[in-house]
Each structure stands twice: as C-alpha cells, then as structure tokens.
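Read the structure below first, then the notes.
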Amino acid sequence: MIRQVDKSRFNIPMSGYPELHRELMWYATEDDAVLGVVVLDLVDKDYSWVMLTENDQGPGYTAIDGRISLPTEEDATAALHDAMRSVSGES
C-alpha cells in the first residue's frame, strides 16, 4: 500500500533551486523502503516525480528513478505510484 507521508519523518535533503520547483506530496510504501515525491516546476508549470529507495550503503535514501514534464499533478502521482509498486513488488 502506498500512502502519503510527511517528509520530516525522513532525512532527505532536496537539492536544486527552491525558487524553481515546489515539492507537492511525499509518498511511501508500507515498509518505508520506497519513497516518492511529486514536484511542480514553477517555470514550465508542469509536474515531475522522483523515486527513492533505502540506501544499501548505510542510513538514508538514494534517488533511483524519475520523470519530468507531466501535464498534471494527477498524471505525475499515478506514474509515481505505478513505479513505486513495480519496484516494491506491490500490486
């Protein structure tokens, strides 16, 4: 099951330029092994997502996949959830 989570539960710094994008929603699998964030591009006015998995080199998470230039937040969220289910083995 993928659920909405509060980013503050995890130590995940987002790099980049905050004036260019806004993190809209964070999601996690039931075991918190896979995380994802939907992002609004404030310049192009489209949506992206980034997926992270637990780092096998120690505590923390590593970005493993993402997609840019989706037309709606709903499209980005659906694509992110599909990718998270695929990686986590959830149906």
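Could you work out how far apart the two model spin labels at D6 and V87 are, taking each label as a point 7 Å from the Cα in the direction of the beta carbon, and quote it in nm?
Here the answer is 2.4 nm between the modelled labels.
Taking neighbour counts of Cβ atoms within 10 Å as a proxy for exposure, in what order, fewest first, do S8, S86 appear?
Details: S8 8, S86 13.
Least crowded to most crowded, the residues run S8, S86.
Please give the net charge around V43, taking every other residue with its beta carbon less than 14 angstrom from that of V43, where Lys and Arg add +1 and Asp and Glu add -1. Each step should come with its number before you reach the end.
Working: positive: R22, K45; negative: E19, D41, D44, D46.
Around V43, the surrounding residues sum to -2.
Given q = 0.18 Å⁻¹, what are the Debye log10 I(q)/I(0) values for segment 3-88, with equal point scatterers placed on the Cα positions and solvent ignored?
Cα-only, vacuum Debye calculation for segment 3-88: -0.73.
Hey, what number do you get for the chain at 222 nm if only DSSP H runs of n ≥ 4 count, each worth -39500 (n - 2.57), divided across all residues, to the nearest 500?
Computed ellipticity for the chain at 222 nm equals -6000 deg cm²/dmol.
Given contacts defined as C-alpha pairs under 8 Å and at least six residues apart, what's the relative contact order of the chain, whole-number percent?
Values: 161 pairs, mean separation 22.2, N = 91.
After rounding, I find 24 percent.
Angle check, please: helix 73-88 long axis (alpha carbons) against the longest principal axis of the chain (alpha carbons), in degrees 0 to 90, nearest 10.
The answer is roughly 20 degrees.
Cut-off is 10 Å between beta-carbons; in what order do R85, R22 appear when sorted fewest neighbours first? Numbers along the way, then the final one.
On the way: R85 15, R22 11.
By the 10 Å Cβ count, ascending, the order reads R22, R85.
How far, in nm, would the chain grow between L20 and T72 when pulled straight, counting 0.36 nm per residue and subtracting the alpha carbon separation? Provide the component values of the computation, followed by the final result.
Details: separation 52, 0.36 × 52 = 18.72 nm, distance 1.70 nm.
Roughly 17.0 nm would be gained on extension.
Would you mind ranking I68, I2, I12 by Cβ crowding within 10 Å, fewest neighbours first? Spell out each step's value before the answer.
On the way: I68 13, I2 19, I12 16.
Ascending number of Cβ neighbours within 10 Å: I68, I12, I2.
Every read-out reported here was derived from the displayed coordinates using simple, explicitly stated rules and does not represent laboratory data. This is a predicted model, so every value here is computed, not measured. As a convention, Cβ positions derive from the backbone with ideal geometry for all residues, glycine included, and neighbour counts pool all protein chains shown.
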